[in-house]
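Reading through the structure tokens given below for one structure.
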Amino acid sequence: MAGKPMKPVLQRPPGYRDPNLQAKPAPRPLPTKALLPPSFQPRKRRSRHCRLCLCCLILLLIIVILLMIIAGGLFYLWFDPKLPVFHLQSFKFSAFNITKRSDGTYLTAKMVARIEVRNPNEKIIYHFGESKVETTAGDDEVNLGSTTLPEFTQGKENTTSLEIETSVNNELIEDGIGSKILDQFTSKKLKVDMDVKTSIGIDVEGVKTGLLGVEVLCGGVTLKETNTEMPRCIISTLKWINIR
């Protein structure tokens, strides 16, 4: 007895998907690294080369400072620098008149003073720039005039005497101050102050420096004290360094 004929196996069409099979999950995309703004990005560490350069720079700076200190010490020991010395030698009035009028009190005065400048150095020459001199009288600082002195050079261990003439003509002042300074002038108790604004430079073995502005304050001396030893003037520089 012949067997039953077998049914042909049907071929699955392309793209056929068995509904009984579970679909495989799609692979997850690889995580991407978040981009940080430039300000939040980690900084690279400094290399040993940069650290070595920084250490060398600091060491060089220390060496330069030490050399400058040593050079300054050698300069001081060799040249023994000293500041110039100022003295108010004398002052006198060739005219001093107080005139009271209906419209006020007026001062007419003419004064001649001498300031001695001494260079005590054996190896240093001083150069003085143009100087402006202002003179006042009394505690109320009554104006007695101003003048300008030309620049000059002062040699080693040299003494220079500067003649200074100032005057005022019909200078209006307060009535009370006029009577006060007239009484002081008559009794020779009138104090005179002189303010000299100048600049100083030095010459060492032919090497010149620039000029440094200084202010020289002389006075606080009465007419009675002109025949006694006059005090040294005060040298002021940088607006806060005072040297007698």
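The values are calculated or read from the model by the stated rules, or taken from the named source; none is laboratory data. Remember, predicted model here, so these are calculated numbers, not experimental data. Neighbour counts are summed over all protein chains in view; Cβ atoms, including those assigned to glycine, are modelled from backbone coordinates with ideal geometry.
Take the residues of segment 121-140 that are in contact with a Ser or Thr (Cβ under 8 Å, 6 or more places away or on another chain) and of a type in the set (D, E, K, R): which is surrounded by the most Cβ atoms within 10 Å (Cβ to Cβ)?
Across segment 121-140, the extreme among qualifying residues is Glu134.
The single condition from (1) without any contact (Cβ under 8 Å) to a residue 24 or more places away in the chain; (2) under 36 Å from the mean Cα position of the chain (by Cα); (3) not in a strand (DSSP E or B) that Lys156 fails is (1). Of all residues in segment 141-173, those satisfying the criterion of being within 22 Å of Asn97 (Cα to Cα) and out of contact with any Ser or Thr (no Cβ under 7 Å at 6 or more places or on another chain) are Glu141, Ser167, Glu171, Leu172.
One residue stands out among those in segment 188-212 that are farther than 22 Å from Glu157 by Cα and either basic (Lys, Arg) or loosely packed, with under 15 Cβ neighbours inside 10 Å (or both): the one that is modelled with the highest pLDDT, which is Lys197.
Okay, residues lined up against (1) within 32 Å of the chain's Cα centre (by Cα); (2) farther than 18 Å from Gln89 by Cβ:
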position	(1), (2)
Pro150	yes, yes
Glu171	no, yes
Lys180	no, yes
Glu205	yes, yes
Cys233	yes, no
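For segment 112-153, residues that are under 30 Å from Ile177 (Cβ atoms), touching a strand residue (DSSP E or B) at 6+ places or on another chain (Cβ under 8 Å) and either acidic (Asp, Glu) or part of a strand (DSSP E or B) (or both) total 21.
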